[in-house]
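What follows draws every value from the coordinates through simple rules; no lab data is involved. All values reported here derive from a predicted model rather than from experimental measurement. A quick note on method: Cβ atoms are made from the backbone with ideal geometry, for glycine too, and the neighbour counts reach across all protein chains shown.
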Amino acid sequence: MGIWRNRRLMPIRSMTGFAQVKAEMRSQAGGRASPQSPSLEQSNGRPGFSLSLKSVNHRFLDLHFRLPSGTDSLEMQLRRVLKEKMARGHIEVSLSLERATGEPLALNRDLVGGYIAAFRTAAAEFGLAADPDLNAILRVPGALDSVDDSAQGALEAAVMAKVDEALARLNQMREEEGRSIERELRERMAHLAEAAKSIQQHRRAVLQTYVERLQSRMLELLGTSADRDRALQEAALLVDRSDIQEEIVRLETHVQHFLGLLDQGGEVGKKLDFLLQEMNREANTLLSKTSGLAGEALNITEAGLAMKAEIEKSREQVQNLE
């Protein structure tokens, strides 16, 4: 029962957000390292890292990683956590490292030697007199490695220890944006409801005008040689098919369903987008049924166009919701 009392199990989130966490590696007993949030003055010379998460809207969960070379295992761990805790969005994960002061570097002889050999082979093949640029080669990712390879495991543990904090910051920003979008959507649904009420007020007068116009025209065409009662019955059927009452009712139902999903919260972006497509279809049908009519029908046309504008603006916002 407690679950049903709390109607909103999750907040509505935008898919747009950014978060960054920084930490430094602090050696512990036994040679292990743990993350420590950096102070304003980082003068201790310990190695550190910066983990950034940036998300924008996308139909599905689309993960992109920008990690240092040799961190394939870390990427797999990050990918698994993000898939568990994120539903939709294009998410860029960036990790930058800060080496400790005075930390020795080792030359990756296999990588550097391979580049030099490939350069000389290409130069000989094309008859070029040139030498490889060592400065350019050393800037190749992985050309220079830390001497202490055991620090790789400590880095993975430290980064994974900060992932939850980064996700919490990202989701906080996404939730703030989500609340702003929700407020705007509720306002637009209120405008849609008002437009539907306005159309309902003009519907009967427009329908009566349409009936009288159609009956007059049919009697004019048929004269006295046809069954007038049968002609009027056919006219009544045609008028019934031209009535917009069903479209108004469906629009009002869709608006109530839309507001119910906002109350529910959570990952409702796709459902809201589908409802807005249905609302747009009803608005188009409503406008097509009243096209070509004058008088109060022009008020319905004006309200219908206002509806379509509200629906389109709502779709722009909804497509950014998770």
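A few comments on the model shown:
- Pairs from the list LYS54/LYS313; LYS54/LYS83; LYS83/LYS162; LYS83/LYS313; LYS22/LYS270; LYS54/LYS308 with a Cα-Cα gap above 23 Å: LYS54/LYS313; LYS83/LYS313; LYS22/LYS270; LYS54/LYS308.
- Between LEU259 and GLN319, the simple spin-label model (points 7 angstrom out along Cα→Cβ) gives 2.7 nm.
- Centre separation in Å (Cα based) which lies between the range 60-78 and the range 243-317: 43 Å
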